[in-house]
Amino acid sequence: MAFELPALPYPPNALAAKGMCQQTLELHHGKHHQAYVTALNGFVEKNEALAGKSLDEIIAFTHGKTDMAPVFNNAGQHWNHILFWQGLSPNGGGIPSSLESKIAADFGSVEAFKDAFKTAATTQFGSGWAWLVLGTDGKLKVTKTPNGSNPLAENAGTALLGLDVWEHAYYLDFQNRRPDYVTNFLDKLANYEFAEARLKAA
Ligand code: MN3
């Protein structure tokens, strides 16, 4: 069973008023994410060791293997983007109360969480991701990963939200201003209800 590009959970123009235009979503989802899925399926077809494995299993199997790096990067990017689309919302930016309490307990305040996230997202040199993670110690953390990696691959806990900081994610809307893209995500786009649901399920 080949991997498939999931449909966006909202129309491609749904986030335009929140700082992510239709062209960004159409290119990012329909071209970039699709390309990762197509490449991953190509690798699976040619490599018997990958056949029948779930996406999570392929990520675990290929992580850290030099000769499997292209497979890992495409599998990781498929996983990352599935989470990313769900972590955006036309009604984003509002933090539900139980998640807000947990953020306040583990970071000190919502502002401190946002500052930590901005630092991670803007100091990831080159391409990568910033994450809000429920760590294996039960505390919320902010982390960053390069290229196609993620907290699943690195056994760093449960990812609640992920922000794509590859240039293709923000260049049409914010050009080189990655800090503005990150702030806009945290204040207007982030689907904290999705993050809270993942926290409760973890
Ligand atoms: Mn991307």
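The values are calculated or read from the model by the stated rules, or taken from the named source; none is laboratory data. Note that this is a predicted model, so its numbers are computed, not measured. Cβ sites come from the backbone with ideal geometry, for glycine too, and all protein chains shown count toward neighbours. To get the accessible areas, we keep the full protein, side chains included, count just its heavy atoms, and leave off ligands, DNA and RNA. Shrake-Rupley method; radii C 1.70, N 1.55, O 1.52, S 1.80 Å.
Exactly one residue among Asn80, Asn147 is open to solvent by 40 Å² or more (accessible area, probe 1.4 Å) and within 28 Å of His32 (Cβ to Cβ), and that residue is Asn147. Only one of the listed residues (Ala169, Ala112, Ala159, Ala120) is part of a helix (DSSP H, G or I), among the aliphatic types (A, V, I, L, M) and in contact with a helix residue (DSSP H, G or I) (Cβ under 7 Å, 6 or more places away or on another chain). That residue is Ala169.
For Tyr10, the requirement of being over 22 Å from Asn150 (Cα atoms), of a type in the set (Phe, Trp, Tyr) and open to solvent by less than 70 Å² (accessible area, probe 1.4 Å) is met.
Here Ala75 fits the description: assigned to a helix (DSSP H, G or I) and within 16 Å of the ligand (Cβ to nearest atom).
Selection of segment 84-93 for residues being part of a helix (DSSP H, G or I) and either open to solvent by 10 Å² or more (accessible area, probe 1.4 Å) or away from the ligand (no atom under 16 Å from the Cβ) (or both) yields only Gln86. Within segment 191-202, the set of residues being open to solvent by 10 Å² or more (accessible area, probe 1.4 Å) and either part of a loop (DSSP other than H, G, I, E, B) or hydroxyl-bearing (Ser, Thr, Tyr) (or both) comprises Asn191, Ala202.
Apart from one condition, Lys188 fits all of (1) assigned to a helix (DSSP H, G or I); (2) within 16 Å of the ligand (Cβ to nearest atom); (3) crowded, with 17+ Cβ neighbours inside 10 Å; the exception is (2).
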